[in-house]
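Colleague: I'd like to ask some things about the structure below.
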Amino acid sequence: MKKTLLLFIAVIGLSCTKEEFDSISLSISQKSLNTEEVYQIEADSNSKIIYSTENEYHSKVTPSGMVTAKFVGETNILLENAEDSKTIKIIVEPKYNTYPEPEFEFGDTKNDIIHNFGENYEEISLEDEGNFTLLGYNNYFNKAPIILFVLDSDQKIASYAVLIHNEYVTELAGFLTERYLAYAEQEETFYFINQLDYENASLLLGLGVYNEDYVIVQYFDTSTPDSMENYKTSSTITKPKMKDLMKKWIIK
C-alpha cells in the first residue's frame, strides 16, 4: 500500500512539472490582398514567433507579422516558434484585367496556337529577317484586339505581342506594374521582369508605342541571350511586316 501511494505521488509530481506544448494559434489560414495592401497577421504563442515568406516577389513580411502584398500571385507566410509552425497563404489579386495574358510557353508550336485561337489568322513570312514567321489574330480582346506570335524556323513560339488601344494606357500601366517589376527604360521602351532580379526572371516584357492608335507589349524568354537587344531587333523586324498584315484589319 505504501509503495502504491509513493508511486501515485511520483506520477502526480511528473504531471505537474510537465510543460505544455507551445502551439501557435492563428486566426485565419488564407488572406487575399491587392498589390501594396498590408495585413497584420493575428497569431498567439507563449514564445516569440518568427515570420518569413516563401517568395518575396509576391509578399513581404516584417518581424512583427505585417504583410505587404507585392506582385500578383500566391505565396505562403511561415510562422515558427521553438516547437510549432503554421502557414498562412497570401493571395495577391489583380485590380486590372486589361487583357488575358496568353497561356503559352516559349517553344509551343503553331499547332498549339491554332488549337487555342482557331483557324481565323493571318500569316506573313519573315524569311529575309532570320526565317521567322509572323502569325496574327485581330479578335483577341476588346481592349487589346490584336495578338501576334513570332515563330522560329521550327514553327515554335520565339516571342509574342499584344496591341492595346491607346485609350487604355493608364489602365495598362496598372495592369503591368501589379504583375511585373519595372526593370529598365531604354529608347522609349519600358522593360518589366517577373522576378526581383533579372538572373532569376523567366520573362521579359517590353512596352512601347506602336502608333497613334496602339501601344504594344511584347513578351520574351529571358533564357534567350540578349533578350533586351532581341526586343529592339524584333520591333525593327516586325513593324514593317506588321503594317502589311494590319492593312487587312483595322490599323490605318
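Colleague: Mind giving me the nanometre distance, one decimal, between the label points for Ile28 and Asn200, set 7 Å out from Cα along Cα→Cβ?
Modeller: 2.6
Colleague: Positive end of the charge dipole of the stretch 21-93 (Lys, Arg +1 and Asp, Glu -1 on Cβ, about the Cα centre): tell me which of Pro63, Val92, Gln30 has its Cα farthest that way.
Modeller: Val92
Colleague: Further question: Counting other beta carbons within 10 Å of each residue's own, what order do Ser45, Ser25 fall into, fewest first? Please list the in-between numbers first.
Modeller: On the way: Ser45 18, Ser25 10.
Sorted ascending by nearby Cβ count, the order is Ser25, Ser45.
Colleague: Can you classify the stretch 21-93 as rounded, prolate or oblate using the Cα gyration tensor, where a ≥ b ≥ c are the square roots of its eigenvalues, rounded means a/c under 1.5, and otherwise it's prolate if a/b beats b/c and oblate if not?
Modeller: On the way: a/c = 2.24, a/b = 2.14, b/c = 1.05.
Judged from the Cα gyration tensor, the stretch 21-93 comes out prolate (a/c at least 1.5, a/b above b/c).
Colleague: Report the net charge of residues surrounding Tyr219, where surrounding means a beta-carbon distance below 13 angstrom and charges are Lys +1, Arg +1, Asp -1, Glu -1. All intermediate terms of the calculation are to be shown ahead of the outcome.
Modeller: On the way: positive: Arg179; negative: Glu101, Glu103, Glu105, Asp108, Asp221.
That sum, taken over residues with Cβ under 13 Å, equals -4.
Colleague: Listed here are the pairs Lys95/Lys143; Lys48/Lys89; Lys95/Lys156; Lys89/Lys110; which of them are more than 27 Å apart at the Cα? Mind showing how you got there, number by number?
Modeller: Values: Lys95/Lys143 16 Å; Lys48/Lys89 21 Å; Lys95/Lys156 32 Å; Lys89/Lys110 37 Å.
The pairs that break the limit, which is 27 Å between Cα atoms, are Lys95/Lys156; Lys89/Lys110.
Colleague: Is there a quick way to get the dipole size of the stretch 21-93? I mean about its Cα centre, with the Cβ of Lys and Arg at +1 and of Asp and Glu at -1; what is the value in debye to the nearest 20?
Modeller: Values: 6 positive and 12 negative charges, 23 e Å.
With only Lys, Arg, Asp and Glu charged at Cβ, the dipole is about 100 debye.
Colleague: Moving on to the next point. What's the exposure ranking of His115, His58, His165, going from fewest to most Cβ atoms within 10 Å?
Modeller: On the way: His115 10, His58 20, His165 17.
Fewest to most other Cβ atoms nearby, the residues stand as His115, His165, His58.
Quick note: the coordinates plus some simple rules give every number you see, no bench work behind them. As the structure is a prediction and not an experimental result, all values here were calculated from the model. FYI the Cβ positions are ideal-geometry reconstructions off the backbone, even for glycines, and counts take in every protein chain you see.
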